[in-house]
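Read the structure below first, then the notes.
The values are calculated or read from the model by the stated rules, or taken from the named source; none is laboratory data. Bear in mind that the values here come from a model prediction, so they are computed numbers and not experimental data. Note that we place each Cβ from the backbone using ideal geometry, even for glycine, and neighbour counts take in every protein chain shown.
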Amino acid sequence: MSYPKNHNLPHPNDAAAGIEVTEDFERFTQRNDVFTRAFWDDTVRTKQTDGFFASYRMEATPRRGDGFTQRDFALRNAAWLISDVITDRHADQGRREGFQAPISYDTPVAPMQLEVDDPNEMSTEIKRIAKFFGANLCGVTDMDDRWLYASRIDTRDLSEAPNDLPEGMTSVIVLGHEMDAELVATYPSALAGAATGREYSHEASVVMQLAAYIRNLGYDAVASMNDTGLVIPYAVKAGLGEYARNQMVITPEFGPRLRFSKIFTNLPLAHDVAEPKGVKDFCDICTKCADACPVKALPFGAPEVGGSNVSAIKGVRKWTSDAEKCFSFWAKTSTDCAICMRVCPFNRDFDTWPHRLWRKLALSRFRKLALWLDRNRGGRVKPSTWWEKT
C-alpha cells in the first residue's frame with residue numbers, strides 16, 4: 001500500500017476530534033512500542049519485565065497476598081486464553097496476531113458482492129451486527145493512514161516488517177468493549193487484570209466475526225486489535241469519545257472503561273463525525289489520574305507536542321505519558337495497571353440518574369462543582385471482596 005507524503009496536513013475531522021498534528025509529525029514505528037522494546041531494548045528490559053511476561057504462563061507468579069494469589073493470576077491468565085490462541089497460531093511466521101500483526105483471514109472474500117445502494121443504511125446495519133456479536137460500541141471513520149504503523153514487527157527476530165493492507169481500504173470500523181466495573185475497582189491487582197484479558201478475548205471473537213460477515217458480503221475486511229495502527233485516533237474520529245489526560249478515550253456510555261478493536265474495509269459506509277462534549281475542558285482542571293499514578297508517568301499541565309520519548313508519537317499535541325515509567329510499574333507488579341482508569345471521575349455507571357446528572361455537570365461550565373463532588377470517589381476495593389461475593 002502506498003502512503004501520501006503530506007501526513008502532517010490537517011484532515012477535515014481533526015478539529016472536532018481534538019487532533020492537532022504539527023509539521024514534525026511522523027508515523028509511529030511499532031518496534032518502539034514499550035511492550036516490544038521490552039524484548040530488545042536494554043533500557044527497558046530487566047529481570048522484572050521478563051518475570052512480567054512469564055507470569056502470563058504461570059511460571060513466575062508472585063505471592064503478594066490479596067489480589068496477587070495463585071487464584072488471582074489463574075483467573076487473569078484464563079481470561080486471556082482466547083486472545084492467546086489467536087495470537088500464537090501463526091507465531092512460526094513471525095506474526096503475533098492482534099498485537100504485532102493483523103488477524104489472518106479465516107474466511108475468503110465472497111466472489112459475489114452485495115450491492116450497497118445507501119452507505120448510511122449499511123453503517124446502521126454494521127453497527128447492529130457488531131452489537132449482535134457482542135460489541136458495546138461501534139463507530140465508523142475514514143481510512144486515515146497517519147495512524148497506521150510505519151512498519152510492524154517480525155516476532156521471530158524483532159526486525160521491522162512491512163505493514164501492508166489490501167489496496168482500496170476506505171473505512172475503519174471501531175468497536176468498543178466494556179471492561180468489568182467490579183474488577184476495575186480492584187486495580188492494581190492480578191485479579192483486575194482479568195478484566196483486561198476477558199475483553200481482549202471478547203474483542204478477538206467479535207472483530208473476527210464482524211470481519212467475516214463483511215467478507216461474506218463480498219468486501220475486504222481486515223480484523224485488527226492492537227496491531228496495524230493506533231486505535232485511539234480512530235476511536236475519537238469515529239465519534240465514540242474524547243481523548244483524556246489518562247491517555248484513554250472517555251465515552252459517554254462507559255467513561256474510560258473500554259478496550260477497542262478495529263476493522264479496515266472497503267465496504268461502502270457512511271462515516272461518523274466526532275462531537276466534542278467537553279471532556280478536554282474537564283481534564284484541564286482535573287489531575288486525579290496523574291496524582292494517583294504511583295510512578296508519576298502521567299502528565300500535569302496542558303497538552304504538549306510529544307516525541308522526545310522514543311515510545312511517543314512525534315508531532316502530535318496531546319497529553320503523553322512516560323511509557324518507561326508506566327511499564328516499569330507493570331513489571332514490578334507482574335500485571336497490568338489501570339489505576340488511572342479506576343480513579344477517573346468518568347468511571348461511573350451512567351445507567352443511573354445520579355451519575356448521568358454528574359456527567360451533565362462535568363461537561364458544562366459547572367465542571368469545577370462536578371470535580372468537587374467526585375473528591376471522595378475512586379478508592380481501591382480489596383480484591384478479596386470480589387472473591388467473597390462470588
### Task
Scan the stretch 260-281 for residues that are within 30 Å of Val116 (Cα to Cα) and either in contact with a Cys (Cβ under 8 Å, 6 or more places away or on another chain) or among the charged types (D, E, K, R) (or both) and jot them down.
Lys262, Asp272, Glu275
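One line per residue, one yes/no per condition, for (1) part of a loop (DSSP other than H, G, I, E, B); (2) free of Cβ contacts under 8 Å to residues at least 60 places away in the same chain; (3) not aromatic (Phe, Trp, Tyr):
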position	(1), (2), (3)
Val44	yes, no, yes
Arg57	yes, yes, yes
Phe68	yes, no, no
Ala74	no, yes, yes
Ser83	no, no, yes
Ile86	no, no, yes
Phe99	yes, no, no
Val109	yes, no, yes
Leu114	yes, no, yes
### Message
Quick check on the stretch 163-179: of everything there that is in a loop (DSSP other than H, G, I, E, B) and not aliphatic (A, V, I, L, M), which residue is surrounded by the most Cβ atoms within 10 Å (Cβ to Cβ)?
### Response
Asn163
### Query
Which of the residues belonging to the stretch 365-388 are in contact (Cβ under 8 Å) with a residue 60 or more places away in the chain, farther than 19 Å from Thr335 by Cα and among the basic types (Lys, Arg)?
Arg367, Lys368
### Task
Read through the list (1) surrounded by 24 or more Cβ atoms within 10 Å (Cβ to Cβ); (2) in contact with a Phe, Trp or Tyr (Cβ under 7 Å, 6 or more places away or on another chain), then give the number of the only condition that Glu182 fails.
(1)
### Task
Give the residue, chosen from Ala195, Ala181, Ala221, that is among the hydrophobic types (A, V, I, L, M, F, W, C) and in contact with a Ser or Thr (Cβ under 8 Å, 6 or more places away or on another chain).
Ala221
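A quick yes/no check of all residues on (1) over 30 Å from Asn77 (Cβ atoms); (2) touching a Gly at 6+ places or on another chain (Cβ under 7 Å); (3) not in a helix (DSSP H, G or I):
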{"position": "Ala297", "(1), (2), (3)": "no, no, yes"}
{"position": "Gly301", "(1), (2), (3)": "yes, no, yes"}
{"position": "Gly307", "(1), (2), (3)": "yes, yes, yes"}
{"position": "Lys325", "(1), (2), (3)": "no, no, no"}
{"position": "Asp351", "(1), (2), (3)": "yes, no, yes"}
{"position": "Gly379", "(1), (2), (3)": "no, no, yes"}
#### Entry: Candidates Ala270, Ala302, Ala297 - the one that is buried (at least 17 other Cβ atoms within 10 Å of the Cβ) and among the small types (Gly, Ala, Ser)
Ala297
### Task
Search the stretch 324-375 for residues being among the β-branched types (Val, Ile, Thr) and under 25 Å from the mean Cα position of the chain (by Cα), and hand back the single one that is surrounded by the most Cβ atoms within 10 Å (Cβ to Cβ).
Thr335
### Task
Just need a number here: residues in the stretch 116-127 that are assigned to a loop (DSSP other than H, G, I, E, B) and either of a type in the set (A, V, I, L, M, F, W, C) or within 17 Å of Val172 (Cα to Cα) (or both).
1
### Query
Is it the case that Ala238 is modelled with pLDDT of 95 or more and surrounded by fewer than 24 Cβ atoms within 10 Å (Cβ to Cβ)?
no
### Query
Is there a residue in the stretch 234-257 that is among the hydroxyl-bearing types (Ser, Thr, Tyr), assigned to a strand (DSSP E or B) and over 22 Å from Asn32 (Cβ atoms)?
yes
## Note on the structure
Listed by first then second residue, the pairs whose first member lies in the stretch 300-329 and is within 21 Å of Ala150 (Cβ to Cβ) and in contact (Cβ under 8 Å) with a residue 12 or more places away in the chain, whose partner is assigned to a helix (DSSP H, G or I) and basic (Lys, Arg), with beta carbons under 8 Å and at least 6 positions apart or on separate chains, are Val310/Arg37; Ser311/Arg37
#### Entry: Criterion: at pLDDT 95 or above and over 29 Å from Phe366 (Cα atoms) - qualifying residue of Asn309, Asn266
Asn266
### Query
Hey, among the residues in the stretch 4-21 that are closer than 20 Å to Tyr149 by Cβ and at pLDDT 65 or above, which one's surrounded by the fewest Cβ atoms within 10 Å (Cβ to Cβ)?
His11
### Message
Just checking, does the stretch 270-284 include any residue being modelled with pLDDT of 95 or more, out of contact with any Ser or Thr (no Cβ under 6 Å at 6 or more places or on another chain), part of a loop (DSSP other than H, G, I, E, B) and within 25 Å of Thr36 (Cα to Cα)?
### Response
no
### Message
The conditions are (1) in contact with a Lys or Arg (Cβ under 8 Å, 6 or more places away or on another chain); (2) among the charged types (D, E, K, R); (3) surrounded by 14 or more Cβ atoms within 10 Å (Cβ to Cβ), and Asp33 fails exactly one of them. Which is it?
### Response
(1)
### Query
Do you know which residues across the stretch 135-162 are assigned to a loop (DSSP other than H, G, I, E, B), of a type outside the set (Ser, Thr, Tyr) and under 29 Å from Asp92 (Cβ atoms)?
Ala150, Arg156, Asp157, Leu158, Pro162
